[in-house]
Amino acid sequence: MDFDLTDEQRLLADSVNRFVSDRYGDFEKRKAYRAEAKGYAAANWSAMAEMGLLGLPLSEEQGGFGGGPVEALLVMEAIGRGLVVEPYLATVVLGLGLLRRAGGQEDLLAEVAAGGTTLAFAHQERQARHDLHDIATTARQDGDAWVLDGAKGVALHGDSADRLLVSARTAGGRRDRAGIGLFLLDPATPGVTRRGYATQDGLRAAEVVLEGARATLLAADALPLIELVADEAIAALCAEAVGAMETLRDLTVDYLKTRQQFGRPIGEFQALQHRAADMLVATEQARSMAMYAAMMVQGSDPAARATALSAAKALVGRLADQLGKDAIQLHGGIAMTEEYKAGHYFKRLTMLGVLFGDVDHHIRRVVAAGGLPD
Amino acid sequence: MDLRYTADEIAFRDELRAFFRREIPAEIRRKVSEGRKLSREDIVTTQRVLHAHGLSVPNWPVEWGGKDWTPVQRYIFSEEIQAAAVPQPLSFNVNMVGPVIATFGNAAQKQRFLPPTANLDIWWAQGFSEPGAGSDLASLKTTARREGDEFVVNGQKTWTTLGQYADWIFCLVRTDPNARKKQEGISFLLIDMKTPGITVRPIITIDGGHEVNEVFFDEVKVPAENLVGELNKGWDYAKFLLSNERIGIARIGLTKERLARVKRLAQETPAGEGTVWDDPDFRRRLAWSEIELKALEITQMRVVAAQRTRAADKPDPSSSILKIKGSEIQQQATQLLMEVAGPYAMPRPDRDEDGANLPSVGPEWADAAAPLFFNYRKVSIYGGSNEIQRNIIAKAFLGL
């Protein structure tokens with residue numbers, strides 16, 4: 001048992017942290033990034049490609065770093081600290097997570113790693129809520145190609161992505177676990193309509209309507225793959241939450257030290273001190289659970305993996321919700337303003353709670369499994 | 001970063017597991033598992049078995065019977081002894097006075113006290129808290145005035161855990177009433193409980209148990225050679241002593257064992273058409289406790305790992321985190337157990353001092369459920385209440 005990072009991991013953490021503090025240290029810059037055409041900074045994306053971050057999970061033969069869950073944890077934590085708006089989760093964690101395992105798309109992998117192509121995962125459907133296997137979109141074979149019909153929603157960064165990964169049913173009923181295929185789709189293809197929009201936390205997403213859109217099959221019976229990548233996304237979100245929680249906690253504690261009321265810093269009041277102390281406890285517990293998620297996502301038993309990741313998402317979700325709300329309350333009125341940073345961290349933490357299943361959904365899964373795996 | 005144990009660590013763990021189950025009487029372990037009262041004999045027997053195998057004081061210096069273990073090995077020992085429901089070596093001896101004597105005592109004191117302390121030939125009690133000095137320990141009033149070769153002690157200690165069994169008591173006493181700061185006039189004194197002038201009175205707690213006592217000192221004469229370290233430096237030794245409680249304070253192994261037992265009993269206890277286990281609300285609360293415990297377990301592992309690199313005297317928020325969350329989850333576990341008992345948490349059959357001579361009204365295990373719940377309200381109060389822990393976090397780590 002050890003918690004040490006390797007030299008390579010330490011270098012990675014240093015460079016990502018430097019990137020985040022250089023480009024996101026001044027919170028005003030984030031507004032400018034969001035105002036760019038794609039809702040994020042093209043220059044930041046190129047810089048991430050140059051740093052090797054976009055090829056992080058790819059094997060060395062594929063031109064990547066062979067980075068695993070620990071590397072992902074380091075990057076996502078930094079992304080959380082800076083409230084980074086670039087589509088790292090969408091393109092690298094989800095997109096490459098699916099694409100590199102489905103196989104057969106070596107050129108595309110290289111383009112993504114180089115920063116030339118972005119990806120999005122169009123999987124969510126309105127009726128499915130948090131159930132990954134609930135898919136109504138259909139795929140029927142037509143010669144070498146497949147034809148997709150259906151509607152996908154809240155595809156993260158789906159508005160600007162150069163390629164979409166789409167789940168669709170090749171067989172079975174809406175809630176069957178079998179018969180879900182994974183497809184690669186060029187959004188310029190006839191029959192694809194995208195409606196892009198901003199999300200509450202300052203990122204972007206899209207509704208995607210598919211009407212006879214022609215796509216390439218990447219993997220048949222892809223639900224196990226989708227579940228694995230969703231668990232990796234949960235581990236990534238837990239790490240992102242830890243970074244955001246830590247920053248928001250520090251911001252709050254600094255404010256308690258400087259804000260004067262009744263002739264003294266409000267941090268001298270014990271009622272506020274105790275809530276700040278609880279923020280520290282929450283951050284440390286969340287950090288431990290993010291490490292647990294990173295460890296368990298590598299597990300070979302999918303059922304144990306899923307239960308462990310649900311446990312992590314549930315606890316981190318609960319702690320992030322508590323910490324976010326406390327941060328607003330302890331700041332008082334200033335945190336209600338759009339101009340101040342704290343509210344943006346709160347909003348991101350709140351939305352992290354919804355992504356890939358909320359607290360109730362995940363605790364139900366732990367309960368159904370009879371508790372945590374050994 | 002790897003949260004799994006190495007092959008060597010697994011071998012070490014498995015050896016301990018087998019040892020605990022082989023060498024410690026099953027009846028004693030059953031009592032611990034069920035949260036029943038242990039007799040003095042149970043605790044003494046266990047510690048002597050451990051001592052005979054060189055395992056009673058692993059945290060002491062090697063020359064006094066300690067082990068040259070890594071932090072991870074120490075952690076494994078602490079977790080496994082709890083998970084096996086083995087009574088832990090008496091904390092007053094092993095974690096408190098022993099290390100203080102080994103670190104600050106003189107050669108004669110080490111020779112005289114350490115071997116019998118390790119083997120539990122001397123049973124120590126802790127004389128810190130007073131009626132007017134709880135969380136604000138430094139305001140203690142018990143005095144020791146020097147007269148020739150003796151100190152004469154007057155005052156009262158309270159919450160003296162298992163003081164009814166004690167042979168000796170280590171006390172914080174005020175030796176300089178005029179010190180500039182209240183922390184500066186305190187000394188650390190070892191007192192034989194058989195000395196004339198000492199009176200022990202039981203305090204019966206809300207669970208009906210006799211675990212704690214009041215100890216009164218009326219002109220108690222203590223040889224000056226029983227002063228540990230320097231005069232008026234007792235507060236430093238007390239701080240050292242309290243910081244030694246860090247490993248194991250969260251009692252994760254024990255709570256794990258208790259939650260597993262809650263699960264088992266919930267599956268056996270009828271409710272409606274099925275069992276208590278079929279109630280999703282109950283299972284949901286149990287799941288939350290398990291999850292919080294998992295997070296705390298990893299937090300504890302991080303603390304253990306950091307011990308290799310952290311300066312020993314540097315304050316560390318982790319012991320406060322472990323205290324707060326560990327006590328909360330311990331309390332949750334006792335509440336869940338009581339809920340499994342349902343209506344049969346209610347009967348309180350008359351019992352003699354040592355327990356189970358009369359038949360239970362409901363299932364036998366259910367007798368102890370409510371008393372354990374009541375008793376465990378203590379864990380968020382003692383050892384620096386959870387509110388004191390939040391003060392510590394706020395002041396020492398957040399700089400508020």
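Determine whether the stretch A:262-283 contains at least one residue that is polar (S, T, N, Q) and more than 23 Å from A:Lys341 (Cβ to Cβ). Checking the stretch A:262-283: at least one residue is polar (S, T, N, Q) and more than 23 Å from A:Lys341 (Cβ to Cβ).
Filtered by the rule that a residue be over 22 Å from B:Gln164 (Cβ atoms), surrounded by 14 or more Cβ atoms within 10 Å (Cβ to Cβ) and in contact (Cβ under 8 Å) with a residue 40 or more places away in the chain, the stretch B:18-33 gives B:Phe20, B:Ile24, B:Arg29, B:Ser33. Cβ-Cβ contacts under 8 Å between residues 6 or more apart (or on different chains), taken from a first residue in the stretch A:50-76 that is assigned by TED's automatic domain parsing to the domain that holds A:Cys238 to a second residue that is at pLDDT below 95, are absent.
Selection of the stretch A:243-278 for residues being more than 9 Å from chain B (Cβ to nearest Cβ), closer than 19 Å to B:Ser320 by Cβ and hydrophobic (A, V, I, L, M, F, W, C) yields A:Met245, A:Ala271. Quick one: is A:Arg264 in contact with a strand residue (DSSP E or B) (Cβ under 7 Å, 6 or more places away or on another chain) and farther than 30 Å from A:Ala233 by Cα? In short, no. The number of residues in the stretch A:279-315 that are touching a residue at least 24 places away in the same chain (Cβ under 8 Å) and facing chain B (nearest Cβ under 7 Å) comes to 8. With a requirement of 2 or more residues that are modelled with pLDDT of 90 or more, surrounded by 14 or more Cβ atoms within 10 Å (Cβ to Cβ) and away from chain A (no Cβ under 14 Å), the helices (runs of 4 or more DSSP H) lying completely within the stretch B:281-400 that satisfy it span B:318-341, B:369-375. Take B:Val86 and tell me if it is in contact (Cβ under 8 Å) with a residue 40 or more places away in the chain, more than 30 Å from B:Ala107 (Cα to Cα) and either of a type in the set (Ser, Thr, Tyr) or within 14 Å of chain A (Cβ to nearest Cβ) (or both). Against the criterion (in contact (Cβ under 8 Å) with a residue 40 or more places away in the chain, more than 30 Å from B:Ala107 (Cα to Cα) and either of a type in the set (Ser, Thr, Tyr) or within 14 Å of chain A (Cβ to nearest Cβ) (or both)), B:Val86 does not qualify. Somewhere in the stretch A:154-172, is a residue touching a Lys or Arg at 6+ places or on another chain (Cβ under 7 Å) and farther than 23 Å from A:Arg129 by Cα? Yes, the stretch A:154-172 contains a residue that is touching a Lys or Arg at 6+ places or on another chain (Cβ under 7 Å) and farther than 23 Å from A:Arg129 by Cα.
The rows are residues; the columns are (1) over 20 Å from the mean Cα position of the chain (by Cα); (2) among the aromatic types (Phe, Trp, Tyr); (3) modelled with pLDDT of 95 or more.
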position: B:Pro116; (1), (2), (3): no, no, yes
position: B:Leu120; (1), (2), (3): no, no, yes
position: B:Ala144; (1), (2), (3): yes, no, yes
position: B:Lys157; (1), (2), (3): no, no, yes
position: B:Leu162; (1), (2), (3): no, no, yes
position: B:Ile169; (1), (2), (3): no, no, yes
position: B:Pro177; (1), (2), (3): yes, no, no
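Restricting attention to the stretch A:191-223 and to residues that are assigned to a loop (DSSP other than H, G, I, E, B), among the small types (Gly, Ala, Ser) and in contact (Cβ under 8 Å) with a residue 60 or more places away in the chain, the residue that is farthest from A:Thr137 (Cα to Cα) turns out to be A:Gly202. Evaluation of A:Leu319 against the conditions (1) free of Cβ contacts under 8 Å to residues at least 40 places away in the same chain; (2) in contact with a helix residue (DSSP H, G or I) (Cβ under 9 Å, 6 or more places away or on another chain) shows that the sole unmet condition is (1).
Given the criteria assigned to a helix (DSSP H, G or I) and over 21 Å from the mean Cα position of the chain (by Cα), does B:Leu265 qualify?
yes
Taking the criterion of being under 23 Å from B:Arg284 (Cβ atoms) and surrounded by fewer than 20 Cβ atoms within 10 Å (Cβ to Cβ), the only residue of the stretch A:260-301 that qualifies is A:Asp278. A single entry from B:Pro87, B:Pro58 fulfils the requirement of being within 18 Å of B:Leu241 (Cα to Cα) and within 17 Å of the chain's Cα centre (by Cα): B:Pro58.
Just one of the listed residues (A:Gly103, A:Gly80, A:Gly66) is within 30 Å of A:Asn17 (Cα to Cα) and modelled with pLDDT under 95, namely A:Gly66. In the stretch A:323-368, the qualifying residues are those that are touching a residue at least 40 places away in the same chain (Cβ under 8 Å) and among the β-branched types (Val, Ile, Thr), and the one that is farthest from the other protein chains (Cβ to nearest Cβ) is A:Thr350.
The values are calculated or read from the model by the stated rules, or taken from the named source; none is laboratory data. Values in this document were obtained by computation on a predicted structure and should not be read as measured data. As a convention, Cβ positions derive from the backbone with ideal geometry for all residues, glycine included, and neighbour counts pool all protein chains shown.
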